[in-house]
Structures are given as C-alpha cells and as structure tokens.
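Asker: One structure follows; several queries about it will come next.
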Amino acid sequence: MKLKGRNKISPEFSMSSMTDIVFLLLIFFMLTANSPNALDLLLPKAKGKSTNTQNVSVTINRNLEYFVDSERINGEYIEIELKKALADKENPTIILRAEESVAIKEAVSVMDIANRNNYKVILAVRPN
C-alpha cells in the first residue's frame with residue numbers, strides 16, 4: 001500500500017521578495033543621489049506665499065548663464081525657447097529664478113519678454 005504525504009514542499013524559488021528588496025534599494029538611491037541638473041542658486045529674501053502653478057522655469061545664475069527648465073540656453077534665444085515651451089499652455093506662467101547677485105536688467109529682460117507674449121511671471125525668492 002502506497003501512502004502519500006500531506007506536506008508537499010515546492011522546489012520552486014519565489015523571486016517576489018528579492019524584487020521587492022531591489023525595488024526599495026533603487027528608490028533609496030534615486031532619492032539620495034545628487035542631481036547633476038540641479039542649479040545651486042542663492043535667491044533673494046522676501047516675504048510672500050508660494051504657489052504651485054508653474055509651466056516653465058527660467059533661471060539666471062551669477063555668471064549670467066540662462067537656463068530654461070534646467071537646460072542651458074543662449075540669452076538671445078530665451079524668447080524662442082519660451083514660446084516653444086508655453087505654446088499649448090492655457091495660463092502660461094514663468095517662474096523667474098534670478099540669483100541674488102544678478103543685475104536687475106537681466107531679470108527685467110525676461111519680464112519684458114513675458115510682457116510682450118502675455119505670460120504671467122512669478123519671481124522666486126527664499127523665505128525671510
């Protein structure tokens with residue numbers, strides 16, 4: 001008489017726990033890694049409220065380098081890049097991030113471009 005045991009042990013190895021660990025490590029390293037595209041700016045201080053409405057970010061650093069959404073561009077082509085980026089937006093908004101030591105005429109030139117094209121401009125500042 002042949003008796004079968006009730007407890008069968010499966011010879012298969014489950015990879016689900018291993019993939020969970022790898023996924024968590026991936027998230028950890030993505031969050032802790034330094035972003036090479038991040039711009040280190042010292043913004044001017046001011047009181048004000050922050051808004052979450054942002055279509056395009058224009059950054060001017062102390063070396064008078066212009067960035068549109070962290071992509072470096074020549075200062076002559078800012079208007080063209082902004083028109084491309086804000087072409088299909090309903091309420092086009094520009095966040096202007098000018099470093100503290102940048103001359104006001106550089107920021108005003110971006111504001112003038114926004115005024116000519118009916119874009120809303122928000123000046124980014126650091127809290128007091």
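Asker: Label-point separation (nm) for LYS8 and LEU24, each offset 7 Å from Cα along Cα-to-Cβ?
Answerer: About 3.2 nm separates the two model spin labels.
Asker: What ranking of TYR119, TYR77 emerges when the number of other C-beta atoms within 10 Å of each C-beta is taken as an exposure proxy, fewest first?
Answerer: Working: TYR119 20, TYR77 12.
Result, fewest neighbours first: TYR77, TYR119.
Asker: For LYS120, list the aspartates and glutamates whose Cα falls under 12 Å from its own Cα; do not include residues on the same chain fewer than 8 positions away.
Answerer: GLU90, ASP112
Asker: So, one more: Looking at segment 85-120, which GluC sites (Glu not before Pro) are in a loop (DSSP not H, G, I, E or B) and have at most 12 other Cβ atoms within 10 Å? Can you show the working numbers first?
Answerer: Numbers: sites: GLU90, GLU99, GLU100, GLU106; in loops: GLU90, GLU99, GLU100.
Answer in residue order: GLU90, GLU100.
No lab work stands behind these numbers, since they all come straight from the coordinates. The shown structure was predicted, so the numbers you read here are calculated from the model rather than taken from an experiment. FYI the Cβ positions are ideal-geometry reconstructions off the backbone, even for glycines, and counts take in every protein chain you see.
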